[in-house]
Amino acid sequence: MSGLRKIDIRELDPIVRYPTVAETFESLEAGEKLELTNDHDLQHLLKYKFTLDYPDEYDYEYLEQGTDIWRVIITRRKDAPPLL
């Protein structure tokens, strides 16, 4: 899959998790994707943080919703306005 970046959040210190995800998302071109892997549901990040910081700029889809591993793909919308 071209234009795909991956972050395993489990490997990051909790204090840098969201800043790392946000910085990576902001570097995506329209249509590019970011795959996140975590040990618990990413619902808070997707439905609250991203909605506040990037309204109407992303779509997401769960790839895996397990008890040990959660994986989600976040796509920067092609019609998203450029980030300044």
Working only within segment 9-31, note down all residues that are touching a Leu at 6+ places or on another chain (Cβ under 8 Å) and surrounded by fewer than 17 Cβ atoms within 10 Å (Cβ to Cβ).
Y18, T20, T24, E26
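Going through L63, L34 one at a time, which residue ends up being within 12 Å of the chain's Cα centre (by Cα) and either of a type in the set (A, V, I, L, M, F, W, C) or surrounded by fewer than 16 Cβ atoms within 10 Å (Cβ to Cβ) (or both)?
L34
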Looking only at segment 39-60, filter to residues that are touching a Lys or Arg at 6+ places or on another chain (Cβ under 8 Å) and within 16 Å of I7 (Cβ to Cβ); which one of those is surrounded by the most Cβ atoms within 10 Å (Cβ to Cβ)?
Y58
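Coordinate-derived values only; no laboratory data. It should be emphasised that the depicted structure is a prediction, and the values quoted were computed from it without experimental measurement. Glycine also receives a Cβ, built like all others from the backbone with ideal geometry; neighbour counts cover every protein chain displayed.
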